[in-house]
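Enquirer: Right, I'll just put the structure down here and ask away after.
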């Protein structure tokens, strides 16, 4: 029964990603109609970079099961075997989210600018 629920959660994750991508595209398109396309591209880049940085910094860190000293900290036993992502994994995660979010912004600006000139 585990595989059915895994596939359902995977599908829900894809739907969530599609919703975020659609929101980025629609927001960029709507803002380009009323403003400067360069400004929308720059603000979109900053937002996407901020979100991608946040996701890469929060990628993973070991969770502690047993603390050695409650005052000074330290961990004796990690729950997930002390998983700490490498720099390459963090950069790959940043690139994934930056690509996932910024390409719809660029396309939204393109189509918003196209609609502005036609009307």
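Enquirer: If you stretched the chain out fully between residue 57 and residue 38, how much longer would it get, using 0.36 nm times the residue separation minus the C-alpha to C-alpha distance? Numbers along the way, then the final one.
Expert: On the way: separation 19, 0.36 × 19 = 6.84 nm, distance 2.83 nm.
Going from the current span to full extension adds 4.0 nm.
Enquirer: Assuming a viscosity of 1.002 mPa s and a temperature of 20 °C, what translational diffusion coefficient in µm² per second does Stokes-Einstein assign to the range 1-48, Rh being the Kirkwood radius over Cα pairs? Numbers along the way, then the final one.
Expert: On the way: Rh = 12.6 Å.
Estimated via Stokes-Einstein, D reaches 170 µm²/s.
Enquirer: Roughly what would the spin-label model give for residue 23 and residue 9, points 7 Å off Cα along C-beta, in nm?
Expert: With each label placed 7 Å out from Cα toward Cβ, I get 2.2 nm.
A short reminder: the numbers here are calculations on the coordinates, not readings from a lab. Quick caveat: nothing in here was measured; it's all calculated off a predicted structure. Note that each Cβ is placed from the backbone with ideal geometry, even for glycine, and that neighbours are counted across all protein chains shown.
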